[in-house]
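The values are calculated or read from the model by the stated rules, or taken from the named source; none is laboratory data. Just so we're clear, the structure is a prediction, and the values are computed from it rather than from any experiment. Backbone-built Cβ (ideal geometry, glycine too); neighbour counts: all protein chains shown.
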Amino acid sequence: MDAENWTTEQIEAYLRQALPAPEQAKLKADLEQDEQLRAEVAAYQRVLEGLDALQEENFRAQLDSWSAETATNDQTALIAWYLEGQLKPEGQQMMEARMAADPAFWEEVMAYQQLIGGMEAAQDEDFRSKLEEWEAGMAQQANSGKALKVVSRRPMWQYAAAAVGALLIAFSTFSLYLKANYSGPALSRVYYESPISERTMGGENAESTPLQERMDFAHRQLIGKEYNAAFMAFDSLMREIPRSNLDDFNKTLLLEQAGWNRLLAATAMDNPPIDLIAEARRIRTTPGHEYAGKAEQLLNDLESRWYRWAN
Amino acid sequence: MSESYSEDNALLEQLRSGDQNAWRNLYEEVRSPFRLYFIRYGTAPEVATEMFQEAMVILNRNIRTGKLQAPLKSALRTYIIGIGRVLLMRKGTDTQQWEGEIPEIPILPEVEDQQERKAKAQLARQLLDRLGSPCRELLELFYLKNYVMEAIARELDLPSPGAARRRKHDCLRKMRELMTA
C-alpha cells in the first residue's frame with residue numbers, strides 16, 4: 001500500500017497511536033518501504049504537533065487568567081495555614097525565614113495573628129471575666145484620681161526642661177543608664193540563657209531533631225537581635241510542640257523554654273505583640289515552671305518605674 | 001470503585017470534551033489543596049503556584065492524548081498532586097517520606113523547549129489563518145476547544161457527526177497541503 005492509499009484519518013490515528021494494531025503495524029511497515037509516505041506522515045505530524053502546541057498555548061493563557069483572578073487570597077491562605085499550624089516543620093521554617101527577610105510580610109503575619117488571636121479570645125469565657133476585671137480596675141483608678149501614672153512625671157519633665165546645664169547633663173546620663181539597664185533589649189539580654197540541648201531534648205525520638213533545629217534557629221535569631229523573627233520562631237514552636245510525639249517530660253521542657261524565650265524576644269521588641277506582664281505572670285504562676293523564678297524577677301523589672309522611663 | 005472516583009470519571013469526560021466550566025471548577029477546587037500540600041513541606045509559595053499551572057497543563061495533555069482514561073485509579077485531585085510530586089522530584093527534592101497516598105504519575109521528560117513549542121504553535125496559527133473560514137472554524141473547535149463531533153455538527157449546522165468527521169479530515173488535508181503550497 002502506498003501514500004495514496006492511506007487516508008488523512010488513518011494517518012492521524014497512526015500518529016495518535018489510535019489505529020487498530022494490525023493497521024498500525026501495516027502502516028509502519030509501509031513507511032519503511034515508501035519514502036513518499038514517510039514525507040507525507042512527517043508533514044501531518046508537523047501540522048498536528050502545531051495544533052497541539054497551539055492548544056497548549058491557549059490553555060496556558062487561560063490558566064494564567066484564572067490564576068490572576070484567584071491569586072488575590074494566596075497570601076492570606078498562606079498566613080492562615082502557618083498560624084493554624086497546618087505546615088510541617090519544613091514549611092514553618094520556610095515561613096520563618098521569609099518573615100525574617102521581609103519585614104512587611106512579618107507585619108502582615110503579626111496582624112493576622114492578632115486578628116485570629118482576638119477572635120479566639122472573644123470566644124473565651126476567661127476573656128469576658130478579664131474585661132470585667134479591667135473595667136473594675138479602671139473605675140477604681142478614676143475614683144482615686146490616679147488615672148495615669150504619667151501625670152506624676154510631668155513636673156519632673158518641666159523641671160528638667162527649665163533646669164541648668166548641669167542638671168540636663170545629669171538627666172541625660174541617668175537616661176542613658178536606664179536605657180542600658182532597663183530597656184526592653186537590655187532586659188532581654190540580661191535574662192537570656194543559652195539552652196542546654198542535651199538536657200532539653202531526648203536523643204532517641206526522631207521527631208526531636210527537626211524541633212531541635214528550629215529551636216536552635218530561634219535562639220540564633222534572638223542572639224542575633226532579630227527579635228521579630230525570634231518571636232515568630234518561638235511562637236510557632238509553642239504551637240508545634242504540643243502536637244509532636246515527644247514524651248510529656250520533653251514536651252513540657254521544650255514548651256517552657258520556648259515560652260520563656262518568646263517572652264524575652266517580645267520584651268526586646270518595639271511593639272510587643274503579647275502582654276508582657278500577663279505572660280511573665282503566667283510563667284511565674286505555672287507550677288514547676290523551669291523559669292518561674294526568673295519570670296518573677298523580670299516581672300519586678302517590667303513593673304518598675306525604671307522600665308517605664310527607659311521605654 | 002468508590003463513589004468519588006465515579007464522580008471523577010464523569011468529570012474526566014467533561015474535561016475531555018473541553019468543557020471550560022469543568023476545567024475552571026477543577027482549577028479552583030484543586031489549586032488551594034495543591035499549594036498547601038507542597039508549601040506544607042517547605043516548597044516556596046511561588047514555586048508551588050508555578051508547579052500547579054504546569055501540573056494542569058500536563059493533565060490537559062494527558063487527557064487530550066488519551067494517556068489518562070476512565071476508569072481512574074485515583075481521584076483527579078490526587079492525580080494532579082502526583083504530577084506535582086514528579087515535577088518536584090525532577091528538581092531534586094526527595095518526597096518519598098511525605099504523607100498521603102499519592103500515585104507515581106509517569107510523565108515524559110520535556111523533549112522540546114518553550115521556543116520549539118512556540119515555533120510549532122506559530123506554524124499552526126499561520127496555516128489556520130490561510131485556511132478559509134469554515135475549515136478554520138471547524139479545526140479550531142476540534143483541536144483547540146476539544147469539541148466532540150456531535151457538538152461540532154450542531155455548532156456548524158452540519159447534517160451529522162459523520163459529516164463533521166469527514167469535513168474535519170478534508171480540512172486537515174487542506175491544511176497539510178498549505179504547508180507545501
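Data table
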{"read-out": "Number of positions in the stretch B:75-120 that are at pLDDT 85 or above and not in a helix (DSSP H, G or I)", "value": "1"}
{"read-out": "Pairs, first more than 7 Å from chain B (Cβ to nearest Cβ) in the stretch A:81-97, second surrounded by 19 or more Cβ atoms within 10 Å (Cβ to Cβ) and assigned to a loop (DSSP other than H, G, I, E, B), C-beta under 7 Å, six or more apart", "value": "A:Met95/A:Leu87"}
{"read-out": "Filter result for the condition that a residue is under 27 Å from B:Arg24 (Cα atoms) and within 12 Å of chain A (Cβ to nearest Cβ), over B:Arg136, B:Arg154", "value": "B:Arg136"}
{"read-out": "Within the stretch A:205-311, helices (runs of 4 or more DSSP H) holding 3 or more residues that are buried (at least 16 other Cβ atoms within 10 Å of the Cβ) and either on the phi > 0 side of the Ramachandran plot or of a type in the set (A, V, I, L, M) (or both)", "value": "A:208-223, A:227-240, A:248-268, A:276-285, A:292-302"}
{"read-out": "Hey, A:Glu49 without any contact (Cβ under 8 Å) to a residue 40 or more places away in the chain, closer than 29 Å to B:Gln126 by Cα, among the acidic types (Asp, Glu) and at the interface with another protein chain (Cβ under 7 Å from one of its Cβ atoms) or not", "value": "yes"}
{"read-out": "Per-region count, the stretch A:84-116, residues surrounded by 18 or more Cβ atoms within 10 Å (Cβ to Cβ) and part of a loop (DSSP other than H, G, I, E, B)", "value": "1"}
{"read-out": "Selection within the stretch B:141-181 - in contact with a Lys or Arg (Cβ under 6 Å, 6 or more places away or on another chain) and either touching a residue at least 24 places away in the same chain (Cβ under 8 Å) or part of a loop (DSSP other than H, G, I, E, B) (or both)", "value": "B:Phe142, B:Leu178"}
{"read-out": "Residue, surrounded by the most Cβ atoms within 10 Å (Cβ to Cβ), within the stretch B:60-69, restricted to residues that are more than 10 Å from every other protein chain (Cβ to nearest Cβ) and in a helix (DSSP H, G or I)", "value": "B:Ile63"}
{"read-out": "Filter pass, B:Arg117 being within 17 Å of A:Phe59 (Cβ to Cβ), surrounded by fewer than 17 Cβ atoms within 10 Å (Cβ to Cβ) and at the interface with chain A (Cβ under 9 Å from one of its Cβ atoms)", "value": "no"}
{"read-out": "Looking only at the stretch A:237-296, and only at residues there that are β-branched (Val, Ile, Thr) and over 17 Å from the mean Cα position of the chain (by Cα), the one that is nearest to A:Tyr227 (Cα to Cα)", "value": "A:Thr267"}
{"read-out": "Members of the stretch A:34-45 found to be within 15 Å of B:Arg176 (Cβ to Cβ) and more than 7 Å from chain B (Cβ to nearest Cβ), listed by number", "value": "A:Gln36, A:Leu37, A:Arg38, A:Ala39, A:Glu40, A:Val41, A:Ala42, A:Gln45"}
{"read-out": "Matching residues in the stretch B:1-57 - criterion: being more than 10 Å from chain A (Cβ to nearest Cβ), assigned to a helix (DSSP H, G or I) and free of Cβ contacts under 8 Å to residues at least 12 places away in the same chain", "value": "B:Glu3, B:Ser6, B:Glu7, B:Ala10, B:Gln14, B:Asn21, B:Ala22, B:Asn25, B:Val47"}
{"read-out": "Checking B:Leu72 against (1) assigned to a loop (DSSP other than H, G, I, E, B); (2) closer than 21 Å to A:Phe59 by Cβ; (3) within 12 Å of chain A (Cβ to nearest Cβ), the condition it does not meet", "value": "(3)"}
{"read-out": "Filter result for A:Trp81 (of a type outside the set (Gly, Ala, Ser), under 30 Å from A:Gln221 (Cα atoms), crowded, with 16+ Cβ neighbours inside 10 Å and touching a Leu at 6+ places or on another chain (Cβ under 7 Å))", "value": "yes"}
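One line per residue, one yes/no per condition, for (1) within 28 Å of B:Glu54 (Cα to Cα); (2) free of Cβ contacts under 8 Å to residues at least 24 places away in the same chain; (3) more than 8 Å from every other protein chain (Cβ to nearest Cβ):
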residue: A:Leu15; (1), (2), (3): yes, no, yes
residue: A:Ala29; (1), (2), (3): no, yes, yes
residue: A:Glu57; (1), (2), (3): yes, yes, no
residue: A:Ala68; (1), (2), (3): yes, yes, yes
